[in-house]
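Taken together, the values in this text are just the output of simple stated rules run on the coordinates, not laboratory data. As the structure is a prediction and not an experimental result, all values here were calculated from the model. Cβ atoms come from the backbone with ideal geometry, glycine included; neighbour counts cover every protein chain shown.
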Amino acid sequence: MKPLPSLLFLTFLSFYLRPIATVSFPDNDASTTATNATDFIRTSCSTTLYPDLCYTSLSGYANAIQQDPARLARTAIGVSLSKARHMAAYVSNLSRQADYGADPRASAALHDCFSNMGDALDEIRGSLKQMRQLVAPGSESFRFQMGNVQTWMSAALTDEDTCTDGFEDVAEGPMKTDVCERAGKVKKFTSNALALVNSYAEKGTN
């Protein structure tokens, strides 16, 4: 009968020590990596004209961007492309659904805006394609490629500006206000993307 206390003691240990073996701790490395990525995005966005918009639009892609300026610029271009695409679709639908034939200026402004947004889309698409084909920084080919991206993104920004310029002679009203506000926001995304492209181009050619 003497072994009984020892058996009880072992049972006690196995019961109370079992949870210790299953304790899990947070992955500090993953948490640190995510924090570093978002800090990198925030710092990079501080050089743009619209830093808050830049950060909120890109921080959700932190896992993909990490601390890579090329990925950051490419993602910003992708966001800009999405916004411009939605804007072009909106203007297209607006011009079809509403009858602005009685107001030639409004009709012409909508037509021109759609045309300009279409040009901007082509230029942003070209920029994104070029960013996906980049060679190593520092080479002459890299400078050429980044020069293309900078030129196309600048042209896209100009086309988006031209869209709103066309409404200067249009009478004030809900349509004009809505189109100009939407286009204005698209321009902010494109401006931020261009700023990040310029920053990466400068680092890659020095």
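At a glance:
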quantity	calculated
Straight-distance crosslink candidates among lysines, where the alpha carbon sits under 21 Å from K176 and sequence neighbours closer than 8 are dropped	K83, K185, K187, K188
Pairwise FRET efficiency - S199 versus N93, Cβ, R0 = 30 Å, nearest 0.05	0.25
Fully extended contour minus Cα-Cα distance, from R132 to D52, at 0.36 nm per residue	26.2 nm
Separation of the D68 and N36 label points, Cα + 7 Å toward Cβ, nm	1.5
Length released on extending from E140 to S59, taking residue separation times 0.36 nm less the Cα-Cα span	26.0 nm
Using θ = phi - 60° and Karplus 6.51 cos²θ - 1.76 cosθ + 1.60, couplings along the stretch 149-155 (whole Hz; Gly, Pro as x)	4, 4, 5, 5, 5, 5, 5
